[in-house]
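None of the figures in this text is laboratory data; all of them are computed from the coordinates on show. Please read these numbers as outputs of a predicted model, since none were measured by experiment. Every residue, glycine among them, receives a Cβ derived from its backbone with ideal geometry; neighbour counts consider all protein chains shown.
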Amino acid sequence: MLQIQTTFSFPPLLRRVFRPATICAVCVLAACSPTGFDGPAILEEPMVDAAVMPSPVVESAPVKSVTTTRVVTTSRRAPRSGVITAGDIDDTLNMAAFQRYLAKARRSTQLPTVNLSRPVMVRLTGDFGKPAPGVRVTLRKPGAAEPFYDGYSGVNGDITVFPAIHGAGNLRNVELRAFPQGQGQAHVQRIASAGGRKTIALPFASDWKPEFLDLAFVVDTTGSMADELEWLTRELRGIVRSAQRSAPGIDIRYGLIVYRDHGDAYVVKNYGFTKQQSTMQGWLRKQNAAGGGDYPEAAAAALAAGADLNWRRGKGERLMFHIADAPPHSQDGGAYLAAARDAAHKNVQIFGLGASGVAAESEFLMRQAAAQTNGRYLFLTDDSGVGYGHAEPTISCYRVSSLRNLMARVLRSELSGQRIEATGGDVIRSVGDYSAGVCRN
């Protein structure tokens with residue numbers, strides 16, 4: 001792809017005045033070039049404290065750039081300044097529509113897909129029909145000695161598992177075992193993988209109190225990501241504080257991986273985990289947005305580094321947010337999805353956040369990563385008037401709120417085990433027929 005080098009950059013204020021339609025050459029041909037930062041990028045050594053166990057920095061051989069078109073749109077309403085806005089989709093709650101989307105997007109993007117056919121979809125309930133999150137469950141082929149899946153029911157007691165990505169193939173039936181907390185006999189039930197989500201009433205109650213939260217961020221730090229990097233640095237403390245109300249005293253570790261691309265000052269920098277929020281804030285403040293040049297970045301290597309972090313096991317939350325506005329190089333699409341599969345094997349949930357100007361290729365891969373791991377796909381919108389233009393996602397319904405509100409609700413939902421929706425004044429705009437994450441249109 002043609003790369004254009006410039007000797008100037010647009011400061012943040014001008015980036016908000018001159019929208020992408022006005023500066024299309026910069027947005028399409030140099031979408032990931034430096035903006036708002038002067039001088040060369042400096043490679044810094046990762047900070048490591050006693051609680052950190054980082055993986056090695058990932059370096060790979062140079063790859064050939066591919067041509068990818070960044071799609072930008074303008075807002076349908078007057079922009080609101082000063083707040084980044086976003087929506088989300090949980091594809092595991094809209095599986096039929098998601099499968100249709102995958103079939104169509106695969107043809108248009110020519111990127112790989114993972115085998116997400118015949119998912120095992122269950123909702124566990126306990127006393128008085130209440131949702132039962134945090135119940136340990138195993139899944140196995142009928143008659144098999146060992147399970148192919150071992151995990152916990154999620155928000156609202158839901159379980160969505162794709163047997164094929166766990167090496168079990170396309171099963172028509174599976175044996176589910178749900179284990180009571182402490183002593184007691186497992187509840188065993190055979191279920192079919194077809195026919196949508198089944199409700200299973202357990203003969204025991206659940207008590208969802210996560211023992212820990214491992215919260216990691218994998219962040220694209222190429223030039224076009226300045227606004228998002230600044231936002232994360234500024235808002236992380238408040239988001240976590242809001243979420244902690246759902247699990248007071250929970251043991252939290254913070255993780256950070258940043259990446260650019262081959263030929264930049266660095267490819268992947270892995271800071272590992274720390275228990276000190278101040279250390280995490282320091283890591284974020286050390287970052288700047290620079291580099292890039294072509295559109296695709298080293299997203300596959302970065303997500304693989306995220307999956308390889310020393311995630312804790314047991315009854316807790318393992319959440320990884322991938323914040324990016326560009327896909328991996330086309331030849332690395334399979335490696336990106338394989339990294340998501342590795343995360344799924346460790347019960348790590350991936351929440352992709354499609355940032356300014358994210359294109360169809362990014363949405364396609366990030367939604368597959370989120371669905372594999374029972375995460376969600378989040379996306380920025382133009383309602384704020386902040387940053388580059390944002391492409392409309394390929395979904396039929398969603399609600400727009402501030403990104404801070406959305407991120408806090410995602411964390412609160414996972415920690416409480418109950419899906420928390422935007423209400424009242426938190427809802428800036430609604431699209432389609434939306435009901436608790438389900439699109440009814």
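If you rank SER117, SER356, SER435, SER362 by fewest surrounding Cβ atoms within 10 Å, what's the result? Working shown, then result.
Details: SER117 13, SER356 25, SER435 10, SER362 31.
Neighbour counts put them in this order, fewest first: SER435, SER117, SER356, SER362.
What is the diffusion coefficient of the range 155-210 in µm²/s, taking the Kirkwood radius over Cα pairs and the Stokes-Einstein relation at 20 °C with a viscosity of 1.002 mPa s?
Once the numbers are plugged in, D ends up at 163 µm²/s.
In Å and on Cα atoms, what radius of gyration and Dmax does the range 305-361 show?
According to the Cα coordinates of the range 305-361, Rg and Dmax are 12.5, 38 Å.
How long is the gain from ARG100 to GLU392 if the chain were fully straight, where each residue apart is worth 0.36 nm and the alpha carbon distance is subtracted?
My answer for the length gained is 103.4 nm.
Full extension from ALA145 to SER117: what is 0.36 nm times the residue separation minus their Cα-Cα distance, to one decimal in nm?
7.7 nm
According to a simple spin-label model (label point 7 Å from Cα along Cα-to-Cβ), what is the distance in nm between ALA205 and ASP426?
Calculated label separation equals 2.7 nm.
List the equivalent ellipsoid semi-axes of the range 223-368 in whole Å, largest first, each obtained as the square root of 5λ for an eigenvalue λ of the Cα gyration tensor.
Its equivalent ellipsoid spans semi-axes of 25, 19, 14 Å.
Of all trypsin sites (Lys or Arg not before Pro) in the range 161-231, which ones are in loop regions per DSSP and have a Cβ with at most 12 other Cβ atoms within 10 Å?
Sparse-neighbourhood loop trypsin sites (Lys or Arg not before Pro): ARG172.
For the range 371-441, what does the alpha-carbon gyration tensor say about shape, rounded, prolate or oblate, given a ≥ b ≥ c as the root eigenvalues, a/c under 1.5 as rounded, and a/b over b/c as prolate?
It comes out rounded by the Cα gyration axes.
Please list the three semi-axes, largest first and in whole Å, of the ellipsoid equivalent to the range 120-201, using sqrt of 5 times the eigenvalues of its alpha carbon gyration tensor.
Rounded to whole Å, the semi-axes are 20, 15, 11.
Roughly what would the spin-label model give for ARG172 and GLN244, points 7 Å off Cα along C-beta, in nm?
Roughly 5.3 nm, to one decimal.
Between the range 158-191 and the range 235-282, what's the alpha-carbon centroid distance in Å?
32 Å
So how much slack lies between GLU235 and ARG440, counting 0.36 nm per residue of separation and subtracting their Cα-Cα distance, in nm?
70.5 nm
Starting from a Cα-only point model with no solvent, please compute log10 I(q)/I(0) by Debye for the range 163-310 at q = 0.10, 0.19 1/Å.
Ignoring solvent entirely, the Cα scatterers give -0.58, -1.08.
What order do you get for ARG399, ARG245, ARG136, ARG106 when you list them from fewest to most C-beta neighbours inside 10 Å?
Fewest-to-most ranking of ARG399, ARG245, ARG136, ARG106: ARG245, ARG106, ARG136, ARG399.
Pick out, in residue order, every one of the chymotrypsin sites (Phe, Trp or Tyr not before Pro) in the range 99-196 that is DSSP loop and has at most 13 other C-beta atoms within 10 Å; say none if there are none.
none
In the neighborhood of ALA422, defined by Cβ-to-Cβ distances under 15 Å, what is the net charge if each Lys or Arg adds +1 and each Asp or Glu adds -1?
It works out to a net charge of +2.
Using a simple charge model, +1 on the beta-carbon of Lys and Arg, -1 on the beta-carbon of Asp and Glu, nothing else, what dipole does the range 120-201 show about its Cα centre, in debye to the nearest 20?
Details: 10 positive and 5 negative charges, 42 e Å.
About 200 debye.
If you rank SER430, SER384 by fewest surrounding Cβ atoms within 10 Å, what's the result?
Fewest-to-most Cβ neighbours within 10 Å comes out as SER430, SER384.
Looking at the range 172-282, what % of its DSSP beta bridges pair antiparallel, to the nearest 5?
Approximately 55 percent, going by the DSSP bridge assignments.
So which chymotrypsin sites (Phe, Trp or Tyr not before Pro) in the range 210-317 end up in coil per DSSP with only 10 or fewer other C-beta atoms within 10 Å?
Answer in residue order: no site qualifies.
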